[in-house]
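Below is one structure, written out as structure tokens; the observations come after it.
The values are calculated or read from the model by the stated rules, or taken from the named source; none is laboratory data. Treat the numbers as computed from the prediction; the structure is a model and nothing was measured. Note that each Cβ is placed from the backbone with ideal geometry, even for glycine, and that neighbours are counted across all protein chains shown.
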Amino acid sequence: MITFWNKKRCMMGNQRGFTLIELMIVVAIIGILAAIAVPLYANMQARARIAKAQADIRGMASAVSAWGAHMGVLPSALDLLTAIATNAQNITAGPFMAAIPTPPSTAWTPSGNYSYGINAALGTFTISAAGDGATVSAP
């Protein structure tokens, strides 16, 4: 039994650990990889917010067009899209959207809502939002 412990102690004495230089190199490599990954992640988040705003605006533009086709005029506010609308022929339709979406983050549009504008003379509308260095609008 004593020879087993002596043999085990001799084998453990021959094993070597990592040197301080090797550990510092590994930590430096991990730091470099983190410095590359963090900006890429932030850029990916900004692109996701822009894509959400684009999808929201496309959906609202479709709903405004459908509401306009049903009523014969464009809605005066986006809130009208969430209610049932009755046109001049007494035909009801809607709601055209379940809820008006909010912009992707608080940095988008100071009011916290998408901006909606109508040009009644031309019969056109614009829905827009700005943030993350981009402006998204439709149509």
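A few points about this structure:
- Filter result for Ala66 (surrounded by 14 or more Cβ atoms within 10 Å (Cβ to Cβ), modelled with pLDDT under 90, of a type in the set (Gly, Ala, Ser) and not in a loop (DSSP other than H, G, I, E, B)): no
- Of the candidates Ala37, Ala88, the single residue that is in a helix (DSSP H, G or I), among the aliphatic types (A, V, I, L, M) and surrounded by fewer than 17 Cβ atoms within 10 Å (Cβ to Cβ) is Ala37.
- Reported count of residues in the range 97-129, each being of a type outside the set (Gly, Ala, Ser), in a loop (DSSP other than H, G, I, E, B) and more than 14 Å from Ile57 (Cα to Cα), is 3.
- Figure legend. Inter-residue proximity from the range 34-51: first residues within 23 Å of Ala129 (Cβ to Cβ), second residues hydrophobic (A, V, I, L, M, F, W, C), beta-carbon distance below 8 Å, spacing 6+ or different chains. Indicated pairs: Arg49/Trp108; Ile50/Ala134; Ile50/Val136.
- Residue list for the range 73-85, filter: closer than 17 Å to Gly117 by Cα, surrounded by fewer than 17 Cβ atoms within 10 Å (Cβ to Cβ) and more than 26 Å from the chain's Cα centre (by Cα): Val73, Ser76
- Matching residues in the range 119-139 - criterion: being touching a residue at least 40 places away in the same chain (Cβ under 8 Å), hydrophobic (A, V, I, L, M, F, W, C) and surrounded by fewer than 17 Cβ atoms within 10 Å (Cβ to Cβ): Ala120, Ala134
- Filter result for Thr82 (modelled with pLDDT of 90 or more, more than 29 Å from Asn43 (Cβ to Cβ) and β-branched (Val, Ile, Thr)): yes
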